[in-house]
Amino acid sequence: IWVRCPNWVGDMVMAMPFLSALRQSAPRAAITLGGRAALAAVPAGSDVFDAFTPVGRNLLETVRQVHAGRFDMAVLLPRSLRTAAEAWLARVPVRAGFSDQGRSFLLTHAVAPVREGHRIRPAYGVDTYLALAEALGLTIPSREICLRETPEGTRLASALLEEGGRPLPRPWILFIPGAAFGSAKCWPPQYFTALGKTLLARYGGTILALGGPGEEEDLRRIAGEIGRGAFAYGPREAPLSVLKSLMARADGVVTNDTGPRHIAVAFGTPGVVFAGPMDPRYSQGPQGRLRILREEVPCSPCDLPQCPTDHRCLARITPERTLAVLASFLG
């Protein structure tokens with residue numbers, strides 16, 4: 001079975017219950033995941049798959065990879081026309097996925113998404129993928145997101161949490177100040193700085209600012225402005241495998257509405273999520289120990305990557321309000 005994985009970190013995390021259902025329903029199948037190379041770290045350590053094949057940007061290259069695998073079935077979690085074409089051109093005999101984007105003719109098992117009017121109804125990612133599982137007759141063992149650490153991720157995370165051979169002071173708080181979707185999802189950087197200074201002054205401990213490609217400069221700026229006790233790690237120092245292990249050990253997390261929030265849910269990490277421009281129905285699922293902070297404003301949800309006005313949906317969530325939530329579990 002070839003499973004074409006989602007393209008975003010959060011979606012990949014929310015696809016884990018689907019992969020568990022697939023493994024439960026086909027325990028003897030050889031399950032190969034295909035997706036962006038960086039996302040291989042998300043399911044790594046779990047037993048829901050047998051192999052991961054990085055998918056390149058070149059369509060024909062991917063088609064050759066899939067064709068060489070001689071798969072009996074392809075399950076396409078992304079809804080794009082390209083992913084359906086990959087399996088069709090590779091001549092996989094059974095091809096299952098959602099029917100939108102005009103790709104039904106490329107599928108042998110097309111599942112219609114739930115719509116409201118002319119658009120697909122926004123829904124929590126776990127529920128979306130499990131709706132596909134139910135339509136395919138899979139057994140669903142659990143709706144909870146389950147992730148596992150890897151030995152390499154654990155080793156590297158432990159090294160980042162030490163200085164001179166001794167553990168960094170606790171509590172360990174992770175800051176996730178970026179978002180791949182766009183700046184509209186980002187809590188103002190100066191708010192992260194103000195919150196970090198107050199946290200260190202009141203509780204001591206250590207703040208780790210983490211982020212993805214292209215966010216390195218912002219991470220360094222925030223950590224530098226917070227001062228002693230704050231560190232910045234980009235994707236080279238803290239790739240997803242390390243992020244999972246850091247999240248499993250953290251005493252708290254402060255994050256935008258982005259992929260790591262779902263990793264926090266998987267590991268039961270307490271903290272806050274800033275929910276701004278996106279439709280709240282995308283996050284209407286179990287949140288573990290996370291608290292969602294949201295400001296009801298007339299222009300939200302806009303689902304825009306950049307705010308065309310004054311970013312009021314997030315600018316009105318103050319560091320003081322955030323600190324009050326963090327204080328409830330930092331003691």
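The values are calculated or read from the model by the stated rules, or taken from the named source; none is laboratory data. Just so you know, these numbers come straight off a predicted model, no measurement behind them. Backbone-built Cβ (ideal geometry, glycine too); neighbour counts: all protein chains shown. Surface accessibility is based on the protein's heavy atoms, side chains included, excluding ligands, DNA and RNA. Shrake-Rupley method; radii C 1.70, N 1.55, O 1.52, S 1.80 Å.
Here's a check for you: in the range 193-215, which residue that is in a helix (DSSP H, G or I) and open to solvent by 70 Å² or more (accessible area, probe 1.4 Å) is nearest to P260 (Cα to Cα)? Walk me through it before giving the result.
From the range 193-215, those in a helix (DSSP H, G or I) are 193-203; that's our starting set.
Narrowing the set further to residues that are open to solvent by 70 Å² or more (accessible area, probe 1.4 Å) leaves 197, 201-202.
Numbers: K197: 22, A201: 26, R202: 26 Å.
The qualifying residue nearest to P260 (Cα to Cα) is K197.
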- Task: Look at the range 101-153 and say how many of its residues are closer than 30 Å to G268 by Cβ and polar (S, T, N, Q).
- Result: 4
- Would you check if there is a residue in the range 156-163 being closer than 24 Å to G10 by Cα, within 21 Å of the chain's Cα centre (by Cα), at pLDDT 95 or above and not in a helix (DSSP H, G or I)? no
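Go over the candidates R103, R121 one by one and state the one that is surrounded by 12 or more Cβ atoms within 10 Å (Cβ to Cβ), more than 24 Å from the chain's Cα centre (by Cα) and of a type in the set (K, R). Let's see the steps before the verdict.
Numbers: R121 fails: more than 24 Å from the chain's Cα centre (by Cα).
Checking each option against the conditions leaves just R103.
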- Task: Return yes or no: is V114 closer than 20 Å to S283 by Cα, in contact (Cβ under 8 Å) with a residue 12 or more places away in the chain, loosely packed, with under 15 Cβ neighbours inside 10 Å and of a type in the set (A, V, I, L, M, F, W, C)?
- Result: yes
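Count, please, the residues in the range 183-192 that happen to be open to solvent by 10 Å² or more (accessible area, probe 1.4 Å) and not in a helix (DSSP H, G or I). Break it down stepwise before answering.
At the first step, the residues of the range 183-192 found to be open to solvent by 10 Å² or more (accessible area, probe 1.4 Å) are 183, 185-186, 188-191.
Next cut, not in a helix (DSSP H, G or I) only: 186, 188.
Going through the range 183-192 one residue at a time, the tally reaches 2.
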- For residues in the range 234-270 being of a type in the set (S, T, Y) and under 15 Å from A179 (Cβ atoms), which is most open to solvent (accessible area, probe 1.4 Å)? T258
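Mind counting the residues in the range 285-301 that are over 15 Å from the mean Cα position of the chain (by Cα) and more than 19 Å from F192 (Cα to Cα)? Can you show your working first?
First, pick out the residues of the range 285-301 that are over 15 Å from the mean Cα position of the chain (by Cα): 289, 291-301.
Retained after the next criterion (residues that are more than 19 Å from F192 (Cα to Cα)): 289, 296-301.
Summing the residues that are over 15 Å from the mean Cα position of the chain (by Cα) and more than 19 Å from F192 (Cα to Cα) in the range 285-301 gives 7.
So which residues in the range 281-327 are open to solvent by 80 Å² or more (accessible area, probe 1.4 Å), touching a residue at least 12 places away in the same chain (Cβ under 8 Å) and either out of contact with any strand residue (DSSP E or B) (no Cβ under 9 Å at 6 or more places or on another chain) or part of a helix (DSSP H, G or I) (or both), if there are any at all?
Filtering the range 281-327 for residues open to solvent by 80 Å² or more (accessible area, probe 1.4 Å) gives 282, 284, 286, 289, 291, 296, 298, 306, 308-310, 316, 320-321.
Still in the list and also touching a residue at least 12 places away in the same chain (Cβ under 8 Å): 282, 284, 286, 289, 291, 306, 316, 321.
If the condition is that a residue be open to solvent by 80 Å² or more (accessible area, probe 1.4 Å), touching a residue at least 12 places away in the same chain (Cβ under 8 Å) and either out of contact with any strand residue (DSSP E or B) (no Cβ under 9 Å at 6 or more places or on another chain) or part of a helix (DSSP H, G or I) (or both), then Y282, Q284, P286, Q306, R316, R321 are the ones that fit.
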- Taking I145 as the residue in question, decide whether it is surrounded by 17 or more Cβ atoms within 10 Å (Cβ to Cβ), outside any helix (DSSP H, G or I) and out of contact with any Ser or Thr (no Cβ under 7 Å at 6 or more places or on another chain). yes
- Of all residues in the range 216-233, count the ones that are open to solvent by 80 Å² or more (accessible area, probe 1.4 Å) and either within 19 Å of P169 (Cβ to Cβ) or among the small types (G, A, S) (or both). 1
- Given the conditions (1) buried (at least 22 other Cβ atoms within 10 Å of the Cβ); (2) part of a loop (DSSP other than H, G, I, E, B), and given that R170 satisfies all but one, which numbered condition is not satisfied? (1)
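Report the residue count in the range 125-142 for those that are among the β-branched types (V, I, T) and not in a loop (DSSP other than H, G, I, E, B). Can you show your working first?
So the first thing to find is which residues in the range 125-142 are among the β-branched types (V, I, T), and the list is 126, 128, 139-140.
Those left that are additionally not in a loop (DSSP other than H, G, I, E, B): 126, 128.
Looking only at that region, the number is 2.
Of the residues A38, A29, only one is more than 25 Å from L136 (Cβ to Cβ) and either in contact with a helix residue (DSSP H, G or I) (Cβ under 9 Å, 6 or more places away or on another chain) or of a type in the set (S, T, N, Q) (or both); which?
On the way: A29 fails: more than 25 Å from L136 (Cβ to Cβ).
Just a single option satisfies the conditions, and that option is A38.
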